[in-house]
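Data block below; observations after.
The values are calculated or read from the model by the stated rules, or taken from the named source; none is laboratory data. This one's a predicted model, so the numbers in the text were calculated from it and none came from an experiment. Positions of Cβ are generated from backbone atoms using ideal geometry, with glycine treated the same way; all protein chains shown enter the neighbour counts. What goes into the accessible areas is simple: the full protein's heavy atoms, side chains included, and nothing from ligands, DNA or RNA. Shrake-Rupley method; radii C 1.70, N 1.55, O 1.52, S 1.80 Å.
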Amino acid sequence: MSSTSERITKIMVEIMEVDESSINQDTNPDNMPQWDSLSHVQILLAIEKEFNVTISPEEGIENMNSFEDILNFLDE
């Protein structure tokens, strides 16, 4: 797991209060009940802070709906 993946995982574990083993490349709101609209916003805000990036509301809502989407955004 890359450093970026580990950092995203840590954020998700803290916000959604789940075990690290439940987070993987396929994690998304459809297969993670704890990933609701509030936790989605909290995840995006934490990612902005952790990675010193700005995520527009449209980008966060439309394009960052899975662990893999978030990772791809940060890798760009």
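Spatial offset of region 47-74 relative to region 10-31 amounts to 15 Å, using the alpha carbon center of each. Residue ranges 5-12, 56-63 sort as 5-12, 56-63 when ordered by packing (mean number of other C-beta atoms within 10 Å per residue, highest first).
Binning all Cα-Cα separations of the chain at 10 Å, short to long from zero, yields these whole-percent fractions: 19, 63, 18.
Over the chain, give the accessible area per residue in Å² for a 1.4 Å probe, as an integer.
63 Å²
Measuring nothing but protein heavy atoms, the accessible surface of the chain at 1.4 Å probe radius is 45 percent carbon and sulfur.
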